[in-house]
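Below: the structure, in structure tokens.
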Amino acid sequence: MHVALLQARLHLPDVSSLKEKRQVVKAILDRARSRFHVAAAETDEQDHHRIAVLGFAAVSGSEAHAREVVSKLLDALLVHPAARVLDHELEAL
């Protein structure tokens, strides 16, 4: 079993409240779960309305496949209209 992890720090420039942030973050996490079949959660910066830190994990029988899944997920985040990726970290276990 192989696990690939992605942690992404996002800037949400059009968000003006924590309520709006929750809506945007929920949409991103739900889409990641359904499209890429990953575990996903907001992992930090819950009290800052314009910054979100999201964590994703893909489990596979192949390390290459797990890495491919999180790489494609990162590509999707990089073009997301409501969020700008400030920083990210990829890791395979």
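The values are calculated or read from the model by the stated rules, or taken from the named source; none is laboratory data. Keep in mind it's a predicted model, so treat the numbers as computed, not measured. With ligands, DNA and RNA removed, areas are computed over all heavy atoms of the protein, side chains included. Shrake-Rupley method; radii C 1.70, N 1.55, O 1.52, S 1.80 Å.
Some observations on this one:
- Straight Cα distances below 19 angstrom link K19 to the aspartates and glutamates D30, E42, D44, E45, D47, with same-chain residues fewer than 8 positions distant left out.
- Residue-normalised accessible area of the chain, given per residue in Å² at a 1.4 Å probe: 60 Å²
- What the phi angles of the stretch 47-52 give under the Karplus curve with 6.51, -1.76 and 1.60, with θ = phi - 60°, is a coupling list of 9, 10, 6, 10, 10, 9 Hz, glycine and proline written as x.
- Applied to the stretch 72-88, the Karplus parametrisation 6.51 cos²θ - 1.76 cosθ + 1.60 on θ = phi - 60° returns per-residue 3J(HN,Hα) values of 5, 4, 4, 4, 5, 5, 5, 10, 5, x, 9, 9, 10, 6, 8, 7, 8 Hz, with x for Gly and Pro.
- Within straight-line cross-link reach of K72, lysines at Cα separation under 24 Å, skipping those fewer than 8 residues along the same chain: K21, K26
- Value of relative contact order over the chain, rounded to a whole percent, pairs C-alpha under 8 Å and six or more apart: 48 percent
- On Cα atoms only, tilt of 18-36 relative to the major axis of the chain in degrees: 20 degrees
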